[in-house]
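Taking it in order: structure first as C-alpha cells, then the write-up.
FYI, it's all coordinate maths here, none of it is from the lab. What you see is a predicted model; the values in this text were computed from it and never measured. A quick note on method: Cβ atoms are made from the backbone with ideal geometry, for glycine too, and the neighbour counts reach across all protein chains shown.
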Amino acid sequence: MRRTITYLLSLLISTVYAQESIFDILPDTTCPGIEVSGEPILYVGDDLFDLINGGAELYHEFGFAEVLVTEILIQEADPLKVEIYDMGSPEAAWGIYSMTATSNSRQVYLGVAGRQGEGFAQFIKGNYMVYMYYDQIQDTVLQYVGGCISGHIELSSGPPVLMDIVEVGKGDAEKLFYFKGNLGLSSVYNFHYKDVFGYEQGAAAIYPDLKVFLFNYEYETSCIENYNAAKEFFINSSKYHEQLTLRGSFHMKDRKEQQIDCYFENTFLVIFIYSGEMDVNGMRRSIIDRMGVK
C-alpha cells in the first residue's frame, strides 16, 4: 500500500511539473478555424540575435532559452505572425513582459497578463511570453487565437514577490519592473554602465515623483559585501555628490539633484530616488514588514 501511494505521488508530481514542448503550444485541431502555416522556425540561444535587431541581450539576461516563430491562418481573417518565447522560468517571463511595456497599449485578458497595442498583442503564462502581430483583426478573433495558445500552456504563475513588495508609494505605481541584471536596471535608472550592485534579482516601482528599487541577494553576507562595494564606488564617483554615510545606509545626489537613499536590510538593498524633500521612512518600514525582515 505504501509503495502504491509513493508511486501515485511521484506520478502526480511528474505530471504537474512536466515541461511541455514549445511546439505543443501551437494551436491544433482542438481550435477549429485556425491552422499553422508551413514549418515553424525555432531560434535557440544566441540564434535570437538573428530574429531581434537589437535588444536580444536583455532577453538573455533573463535566461532566454528559445523562441518559436510561425504564421497562423484564420478563416475569413488576415494571418497572424506568432512568436512564442520560452524564457526559462515564470519569473523571467514576468520580467521581460514588464520591461517591454509600451505606453500606447491597453490591458487584455490573455494568459496571466496581457496587453494589446497598434498591430500587436502580447501575453505571458508559465515560462512563456507570446507576441501576435497583425495588420487588421477583430478583437474576438485575436482573443480566440490567444486563448488557444494560452490553453496549451499548463503551468501558470503570478508576478514575482518582489514586484508586490516594492510597490509602497501613494496609489498604484505608474510602472512596475522586475529585472535580473544591469541591462534591465539601467533601462529604469542608469546608476552606472557596470554592474555596481551585483544582486540576484531586483524590482522597481515608478511614481511621478519617486522611484523605489529593491535588490535581493541569496545570503546576507553577499548583500553586505555588495552593499559595501557599492557604497565605496558611489562615494568615489564624480557622477554623484553630497555623499553621506550613516549606519546601515548611504545617501547622495545625482547630477539632476535627485536625492538617492540606499538602505541595507538583511538580504535586501532598498533604494529611493526622489526630488526635493520626502520622508521615506514609512515606505521603508512597509517594505521591511512585507519582506519579513526582523
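Numbers below:
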| quantity | calculated |
| --- | --- |
| Where Rh is the Kirkwood radius over Cα pairs, Rg/Rh for the chain | 1.04 |
| Sparse-neighbour loop sites [trypsin sites (Lys or Arg not before Pro); the stretch 71-176; at most 16 other C-beta within 10 Å; DSSP] | 170 |
| Rg over Rh [alpha-carbon atoms, Kirkwood Rh] for the stretch 134-204 | 1.13 |
| Violating pairs (Cα-Cα greater than 30 angstrom) within the set 125/256; 81/194; 175/239; 231/256; 81/170; 125/211 | 125/256; 81/194; 81/170 |
| Crossing angle, helix 139-150 versus the chain [Cα axis fit, 0-90 degrees, rounded to tens] | 80 degrees |
| Selection from 53, 69, 227 lying farthest towards where the dipole of the chain points positive, charges on Cβ | 227 |
| For q = 0.12 Å⁻¹, Debye-computed log10 I/I(0) when each Cα of the stretch 161-291 counts as one equal scatterer | -0.40 |
| Positive-end residue, the stretch 180-294 charge dipole about Cα centroid, Cβ charges, pick of 187, 281, 248 | 187 |
| Charge dipole (debye, nearest 20) of the chain; +1 at Cβ of Lys and Arg, -1 at Cβ of Asp and Glu | 1240 debye |
| Separation between Cα centres of the stretch 147-197 and the stretch 111-140, rounded to whole Å | 18 Å |
| For the chain, calculated [θ]222 nm from helices alone, where every DSSP H run of n ≥ 4 adds -39500 (n - 2.57) | -8500 deg cm²/dmol |
| Span per principal axis, largest first, for the Cα atoms of the stretch 19-150 (Å) | 40, 33, 27 |
| Translational D in µm²/s for the stretch 65-108 (Stokes-Einstein at 20 °C, 1.002 mPa s, Kirkwood Rh from C-alpha pairs) | 169 µm²/s |
| Between the stretch 67-85 and the stretch 238-277, the alpha-carbon center distance in angstrom | 47 Å |
| The stretch 178-285, relative contact order in percent, only Cα pairs under 8 angstrom and at least six apart counted | 22 percent |
| Convex hull volume per residue in cubic angstrom - Cα atoms of the stretch 101-228 | 133 Å³ |
